[in-house]
Amino acid sequence: MDLVMSEEQEELRAALRRFFADKSSPAEVRRLMETAEGYDPAVWEQMAGQLGLQGLAIPEEYGGAGFGMREVAVVMEEMGRSLVCAPYLSSAVMAAGALLGCRDEEARREFLPGIADGSTLATLAWMDGDTWDLGSIEMQAGRDGDGWLLDGAKTYVLDGHIAGLVLVAAWAEGELGLFAVDGDAQGLSRTPYTTLDQTRRLARLELTGVRARLIEPDARPVLERAVDLAVVALAAEQLGGAQRTLDMTVDYLKVRHQFGRPIGSFQALKHRCADMFVMVESARSAVLQAAAVAGDRPDELPAAAALVKAYCSDAYFHVAAETIQLHGGIGFTWEHDAHLYFKRAKASQELFGPPARHRERLARLVGIAP
């Protein structure tokens with residue numbers, strides 16, 4: 001299992017960094033935070049048309065590029081570095097991953113090409129309440145002739161307010177199934193949440209007699225893998241944000257003077273930066289390992305996902321919090337970008353479950369807890 005970035009992956013990183021530096025400046029991020037959609041459709045089209053990002057991990061037979069989680073991790077890391085506001089995690093990672101796990105070939109051929117070219121915004125909705133645990137799903141699907149009807153609510157759906165395709169988890173005749181629902185379906189209403197992190201949107205979906213298409217009758221393994229892939233992708237995004245906040249802090253400590261010298265020369269601040277650096281580099285190792293496992297050793301993905309989510313969540317939050325502290329008074333102001341990363345760090349820490357939940361899961365998976 002190779003944990004070293006290839007030359008092609010480094011070239012991808014360089015191209016992405018240039019692109020996002022131009023398209024996701026701090027001023028643009030703040031502008032998008034105030035919009036109803038939460039992203040720029042023109043940039044989304046460029047991500048698909050110029051860079052092929054949405055179809056990066058989708059096989060060529062479905063209109064994608066046929067790469068894997070390593071390349072997706074590079075994309076997510078650079079997106080996290082620039083706080084990119086786009087429905088990439090929900091559509092290109094979660095929804096695409098779920099569809100690829102389904103046995104319905106017709107559904108894959110119908111939906112995946114649109115996700116790959118960016119014309120379809122998709123998302124995965126499984127939560128019914130306040131827990132990310134797949135075992136908490138309660139929504140029931142009812143027969144309606146040859147089709148199905150869904151009633152109930154899905155909570156904290158990533159980009160659920162704009163998704164044109166919603167993949168919904170619900171029980172169907174005793175089995176946990178995955179259903180495809182049109183975003184404009186009659187009986188479907190969407191309510192965006194007011195969230196801490198304004199750069200990422202979540203919505204509550206209410207389904208009242210919504211017609212749905214069953215695309216996978218035994219969806220639990222499909223959902224588990226799709227969520228694990230999303231967790232690894234999120235960890236890569238957390239790594240990118242942590243690296244950016246560390247760089248931001250080091251740059252500030254070099255130019256801020258006190259007592260006639262840069263404050264970065266003070267031993268106590270050097271120690272704090274060193275601790276931040278160790279956490280970022282440890283997070284990098286965890287992300288590289290998890291991304292490699294996703295492609296090379298899929299049976300080990302659950303444990304790798306639990307480990308990387310727990311570690312990267314805490315690392316990003318710690319580094320972002322230190323960034324604010326080490327910037328002093330200016331770090332607490334709205335005008336400085338530090339708070340944007342801090343909010344993303346805290347919200348990401350809770351997304352897909354807090355670190356404690358993933359540590360408990362890891363302990364069960366390796367056999368040291370019941």
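The values are calculated or read from the model by the stated rules, or taken from the named source; none is laboratory data. Since the structure is predicted, the reported quantities are computational estimates derived from the model, not experimental observations. Glycine also receives a Cβ, built like all others from the backbone with ideal geometry; neighbour counts cover every protein chain displayed.
Things to note:
- Residue in region 183-191 that is surrounded by fewer than 15 Cβ atoms within 10 Å (Cβ to Cβ), farther than 27 Å from His358 by Cα, of a type in the set (S, T, N, Q) and touching a residue at least 40 places away in the same chain (Cβ under 8 Å) present: no
- Scanning region 234-259 for residues that are of a type outside the set (A, V, I, L, M, F, W, C), in contact (Cβ under 8 Å) with a residue 60 or more places away in the chain and over 29 Å from Ala294 (Cα atoms) gives Thr249, Tyr252, Arg256.
- For region 295-346, the set of residues classified as crowded, with 22+ Cβ neighbours inside 10 Å and of a type in the set (Gly, Ala, Ser) consists of Ala304, Ala305, Ala306, Ala310, Ser313, Ala315, Ala320, Ala338, Ala345, listed by residue number.
- Being among the hydrophobic types (A, V, I, L, M, F, W, C), outside the structural domain of Ala73 (by TED's automatic domain parsing), more than 30 Å from Asp146 (Cβ to Cβ) and without any contact (Cβ under 8 Å) to a residue 24 or more places away in the chain holds for only one residue in Val278, Val231, and it is Val278.
- Evaluation of Phe67 against (1) buried (at least 16 other Cβ atoms within 10 Å of the Cβ); (2) more than 28 Å from Gly101 (Cβ to Cβ); (3) without any contact (Cβ under 8 Å) to a residue 24 or more places away in the chain (one fails), failing number: (2)
- Pair list, Cβ under 8 Å, 6 or more apart: region 344-370 residue without any contact (Cβ under 8 Å) to a residue 24 or more places away in the chain, other residue of a type in the set (Phe, Trp, Tyr) and crowded, with 17+ Cβ neighbours inside 10 Å: none
- Within region 1-43, being in contact with a Leu (Cβ under 8 Å, 6 or more places away or on another chain), at pLDDT 95 or above and more than 14 Å from Ser82 (Cβ to Cβ) holds for one residue alone: Gly38.
- Residue under evaluation Gln54, criteria (1) of a type outside the set (Phe, Trp, Tyr); (2) within 24 Å of Gln289 (Cα to Cα); (3) assigned by TED's automatic domain parsing to the domain that holds Gln198, criterion not met: (3)
- Residue, nearest to Gly353 (Cα to Cα), within region 146-157, restricted to residues that are within 19 Å of the chain's Cα centre (by Cα) and surrounded by 24 or more Cβ atoms within 10 Å (Cβ to Cβ): Val157
- Test: residue in region 39-57 that is farther than 17 Å from Ala226 by Cα and crowded, with 23+ Cβ neighbours inside 10 Å: yes
- Selected residue (criterion: farthest from Arg220 (Cα to Cα)) from residues of region 158-175 that are touching a helix residue (DSSP H, G or I) at 6+ places or on another chain (Cβ under 9 Å) and surrounded by fewer than 18 Cβ atoms within 10 Å (Cβ to Cβ): Gly164
- From Ala315, Ala363, Ala320, Ala305, residue being more than 24 Å from Cys85 (Cα to Cα), of a type outside the set (D, E, K, R) and in a helix (DSSP H, G or I): Ala363
- A Cβ distance below 8 Å, combined with a sequence gap of six or more or placement on separate chains, defines the contacts here; from region 309-335, residues that are over 14 Å from Arg284 (Cα atoms) and free of Cβ contacts under 8 Å to residues at least 40 places away in the same chain reach residues that are in a helix (DSSP H, G or I) and of a type in the set (D, E, K, R) in the pairs Phe317/Lys346.
- Residues of region 193-228 classified as in contact (Cβ under 8 Å) with a residue 40 or more places away in the chain and farther than 27 Å from Met69 by Cβ, total: 13
This table checks each residue for (1) among the β-branched types (Val, Ile, Thr); (2) assigned to a loop (DSSP other than H, G, I, E, B).
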{"position": "Val29", "(1), (2)": "yes, no"}
{"position": "Met47", "(1), (2)": "no, no"}
{"position": "Leu51", "(1), (2)": "no, yes"}
{"position": "Gln54", "(1), (2)": "no, yes"}
{"position": "Ala57", "(1), (2)": "no, yes"}
{"position": "Val72", "(1), (2)": "yes, no"}
{"position": "Arg81", "(1), (2)": "no, no"}
{"position": "Ala98", "(1), (2)": "no, no"}
